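Colleague: This is the structure, below, for whatever I ask next.
FYI, it's all coordinate maths here, none of it is from the lab. All values derive from a computational prediction rather than experimental measurement. Counting neighbours? That spans all protein chains shown, and the Cβs are built from the backbone with ideal geometry, glycine included.
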Amino acid sequence: MSSRRRITVALVGLIVLVFAGWIVRETTTSTEPEAGLTALSGLPPEAGQTWRLIQAGGPFPYRTDGTVFQNREQRLPGRESGYYREYTVPTPGSEDRGARRLVTGGQAELYYTGDHYASFVQVDPSK
């Protein structure tokens, strides 16, 4: 085999390996929130107040609190409909519900978003 042919075969092989690696990365990238848990105490104090209301079963200040969170943005792990519930974390000075929410999962997961579902952190309510 000539050296030109060997170089061509090596380059094609390298391109195939890079492409295969990219495909594997794209198909295995998790939609899970960032690794590690955020302490509830590290969130705005209103998040702790909302968490205590959730634990007590209410009463909640907004009638939509406790309704099913659809996860339309797919920022949380995919689950069956009805798995997640959302609750308002009041924003001082806001004239409406604001953008902050706690979302609970059916297996005691707790998530917080401060930007109306654009991003989430998983929360450790014991801290």
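Colleague: Using the 10 angstrom Cβ neighbour count as an exposure proxy, how do 79, 5 rank, fewest first? Could you put the intermediate results ahead of the total?
Modeller: On the way: 79 13, 5 9.
Going from least to most buried by this count: 5, 79.
Colleague: Right, another one. Select from 103, 89, 78 the residue farthest towards the positive end of the dipole of the chain; place +1 on Cβ of Lys and Arg, -1 on Cβ of Asp and Glu, and compute about the Cα centre.
Modeller: 78
Colleague: Something else now. Kindly state, to the nearest 0.05, the FRET efficiency for residue 107 paired with residue 12, given R0 = 41 Å and r defined as their beta-carbon distance.
Modeller: Step by step, r from the Cβ atoms, then E = 0.30.
Colleague: For the range 95-102, just list the computed ³J(HN,Hα) in residue order, Karplus coefficients 6.51, -1.76 and 1.60, θ = phi - 60°, integers in Hz, with x standing in for Gly and Pro.
Modeller: These are the phi-based 3J(HN,Hα) values: 8, 10, 5, x, 9, 8, 9, 9 Hz.
Colleague: Using only Cα atoms, find the angle between the long axis of helix 45-56 and the longest principal axis of the chain, and express it within 0 to 90 degrees, rounded to the nearest 10.
Modeller: Its long axis makes an angle of about 70 degrees.
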